[in-house]
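Below: the structure, in structure tokens.
The values are calculated or read from the model by the stated rules, or taken from the named source; none is laboratory data. Quick caveat: nothing in here was measured; it's all calculated off a predicted structure. Using ideal geometry, Cβ is built from the backbone for each residue, glycine included, and neighbour counts are taken over all protein chains shown. Accessible surface areas use protein heavy atoms only, side chains included; no ligands, DNA or RNA. Shrake-Rupley method; radii C 1.70, N 1.55, O 1.52, S 1.80 Å.
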Amino acid sequence: MTTEAPQPVLEILGRTSLRGEVQISGAKNSALVLMAGSILCADKCTLRNVPNLVDIKRMGQILTSLGVMLKQTDDVLEIDAKNINPTEAPYDVVSQLRASFFVIGPLLTRLGTARVPLPGGCAIGARPVDLHVRGLQAMGANVSIEDGIVHANLVGNKGRLQGTNIYLDYPSVGATETILMAATLAEGETKIENAAQEPEIVDLANFCNAMGANVSGAGTNTITIQGVSELHSVDYHVIPDRIEAGTFLVAGAITHSEITLTSVIPEHLAPVIAKLNEIGCQVIAESDDGKIFGGNVKSQRLRIVPGELYGTDIETLPYPGFPTDMQAQFTALLSISKGNSVISETVFENRLRHVAELQRMGTNIRVKGNHAIVQGVPIISGAPVMATDLRASAALVLAGLAAEGKTTVHGLHHLDRGYENLEAKLSNLGARLKRIIPSGS
Ligand code: EPZ
């Protein structure tokens, strides 16, 4: 019988106030797509403010398998895609990192061919890529799926993808990014309507334009791309991670602590800040001697001043609506807020799995379809809990910070995908937690 190596767990002693400052890392969901976007250029690209995460390492493995040369020094990633080959990205890595599908657009538009394993579903949903595929087909690609591999080729003797108008049935972040990247080197103009408006889309457009592309309208629901013949080297700062920032704001709220976040772009957190105000907390933006991002946005500091917590309703929506990636964290916060809250998850079909684990800690939450009906309780108690996906794991850590007694979070591989040095950052704020290998395991 094979005995698996014992998996580490996170032990948290709750009801500790936090204080001090925490620096927010670069955005995972921007860095991943910019890494794929670097394939568009045959010169060297430098990405700065790249977070040190398992998902980033996995994307690096995908790029290396395609012949891309990578060198990471701290948060600086040098990428050289001069000699890429259209081999197949390895399925075992693709199946663990859905974002690896982002390479299909750049490979196709640069080489005229791409073979990428179909990313599977994950804990939060089926995660289809039909909108990506239909966009590439609209631009003149022949796309077929054989044995779980997506084969994309230019039809006939056309040397390039052809610009066209594409209307997205849903403002999919990934599909918008795939089509945007493919269109940068296509023939003519591409217009994406009902496009996603997330800050990571704007970061990608700024990155592509810094390489010499011609993208306008990013951040609105209509993005226009004039194809160019080639792109050149770029040195680019990834925007701060608005979801990590939101997670730390909730850490302050849920422990009734005043803490300050540095290197943040407050406007990226507008829906999250609005909800924290509704719940009873103040969030104050202060100037920061921070960096400039995307060529023109200066980072700031965000200070949360806690208050009495009151329940409210949340509906997750595409940006600028309330982000689905913050839903689990707010479910934990609302579980100890006075009164009732209804949380509706409209983006993914299976993103309420953290509720069952929060129930083990004495919360009062009922799931009805894609709604979580929360009745706030004054105190929750520590317990052993199992993380089911990335943001659920963050929610369980936050609940552990607020709970009476000890919480042991299992399934830390989920957490390590998306949070850089979370324990160290929380410990520096005064939290009592440590990662251990359980004895006798
Ligand atoms: C990105 O995923 C993020 N991941 C997700 O963050 C985030 O939750 C999501 O956007 C929404 O904001 C990265 O950027 C790497 P979508 P993505 O395409 O692009 C359906 C995290 O925790 N859809 O906007 O996959 C899909 O099933 C992760 O950091 C189709 O039906 O999100 C879902 O219901 C989780 N067909 C909805 O659209 C398609 O072709 C939104 O998906 C594509 C998507």
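Mind checking the angle between helix 242-254 and the chain's longest principal axis? C-alpha axes, 0 to 90 degrees, to the nearest 10.
Roughly 10 degrees between the two axes.
Looking at the square roots a ≥ b ≥ c of the eigenvalues of the Cα gyration tensor of the range 100-217, which shape do they give, rounded for a/c under 1.5, prolate if a/b is larger than b/c, or oblate? Before the final figure, lay out each step's value.
Numbers: a/c = 1.64, a/b = 1.07, b/c = 1.52.
In terms of gyration-tensor shape, oblate.
As a test of the formula, what do you get for the chain when each DSSP H run with n ≥ 4 contributes -39,500 (n - 2.57) and the sum is divided by the residue count, at 222 nm and rounded to the nearest 500 deg cm²/dmol?
Working: 14 runs with 130 residues, N = 441.
Mean residue ellipticity, 222 nm, calculated: -8500 deg cm²/dmol.
Picking from 176, 153, 165, whose Cα lies most toward the positive end of the charge dipole for the range 28-237 (charges on Cβ: Lys, Arg +1; Asp, Glu -1)?
With unit charges placed on the Cβ atoms, the residue in question is 153.
Considering all projection directions equally, how large on average is the shadow of the alpha-carbon convex hull of the range 349-407, in square nanometres?
Approximately 3.7 nm², given one-decimal rounding.
Rule-of-thumb check for the range 28-237: C-alpha Rg over 2.2 N^0.38 Å?
Working: Rg = 15.3 Å, N = 210, 2.2 N^0.38 = 16.8 Å.
That ratio works out to 0.91.
Calculate the dipole size of the range 28-237 relative to its Cα centre from +1 charges on Lys and Arg beta carbons and -1 charges on Asp and Glu beta carbons; express the result in debye to the nearest 20.
Computed about the Cα centre, the dipole is about 220 debye.
Check the straight Cα-Cα distances from residue 71 and name the lysines below 19 Å, setting aside those fewer than 8 residues away within the same chain.
Partners found: 28, 44, 57, 82.
Ratio of the range 1-50's C-alpha Rg to 2.2 N^0.38 Å, to two decimals? Working shown, then result.
Numbers: Rg = 19.6 Å, N = 50, 2.2 N^0.38 = 9.7 Å.
The value comes to 2.02.
What's the magnitude of the charge dipole for the chain around its Cα centre, counting Lys and Arg as +1 and Asp and Glu as -1 at the beta-carbon? Answer in Debye, nearest 20.
Numbers: 36 positive and 44 negative charges, 124 e Å.
Result for the chain is approximately 600 debye, rounded to the nearest 20.
Relative to the longest principal Cα axis of the chain, at what angle does helix 270-279 sit, 0 to 90 degrees, rounded to 10?
Compared with the principal axis, the helix lies near 10 degrees.
Consider all pairwise Cα distances in the range 289-441 and report the whole-number % of them above 20 Å. Intermediate results must be reported in sequence, preceding the final value.
On the way: 6245 of 11628 pairs.
That tail contains 54 percent of the Cα-Cα pairs.
Suppose we keep just the DSSP beta bridges with both residues in the chain; what percent of those would be antiparallel, to 5? Provide the component values of the computation, followed by the final result.
Working: 61 of 82 bridges.
That works out to approximately 75 percent antiparallel.
Compute a Gaussian network model of the chain, connecting alpha carbons closer than 10 Å, and tell me which residue from 304, 239, 124 fluctuates the most.
Highest fluctuation among the options: 124.
Extending each Cα 7 Å along its Cβ direction at residue 267 and residue 74, get the distance between those two points in nm, one decimal.
Roughly 2.9 nm, to one decimal.
Per the Kirkwood treatment, what hydrodynamic radius in Å, one decimal, follows for the chain from the mean inverse distance over all distinct Cα pairs? Walk me through the intermediate numbers first.
Details: mean 1/r = 0.0448 Å⁻¹.
After inverting the mean inverse Cα-Cα distance, the result is 22.3 Å.
Compute the distribution of all C-alpha to C-alpha distances in the range 188-258, in bins of 10 Å from 0, and list the percent of pairs in each, rounded to whole numbers.
All Cα pairs considered, the percentages come to 19, 35, 24, 14, 7, 1.
Based on the Cα atoms of the range 184-226, what semi-axes does the equivalent ellipsoid have, where each is the square root of 5 times one gyration tensor eigenvalue, given in whole Å with the largest first?
Working: eigenvalues 49, 36, 7 Å².
In descending order the semi-axes read 16, 13, 6 Å.
In the chain, what percent of the accessible surface is made up of carbon and sulfur (1.4 Å probe, ligands and nucleic acids excluded)? Can you show the working numbers first?
Working: 8310 of 17020 Å².
In the chain, the share of accessible area belonging to carbon and sulfur is 49 percent.
Express the relative contact order of the range 361-441 as a whole percentage, based on alpha carbon pairs under 8 Å and six or more residues apart in sequence.
Numbers: 89 pairs, mean separation 19.1, N = 81.
This gives 24 percent for the range 361-441.
Roughly how tilted is helix 199-210, in degrees to the nearest 10 and between 0 and 90, from the longest Cα axis of the chain?
The angle comes out at about 30 degrees.
If you count only protein heavy atoms with a 1.4 Å probe, what accessible area per residue comes out for the chain, rounded to a whole Å²?
Details: 17020 Å² over 441 residues.
About 39 Å² of surface per residue is accessible.
Output the antiparallel fraction of DSSP beta bridges having both residues in the range 28-237, as a percent to the nearest 5.
On the way: 29 of 38 bridges.
Just about 75 percent of them are antiparallel.
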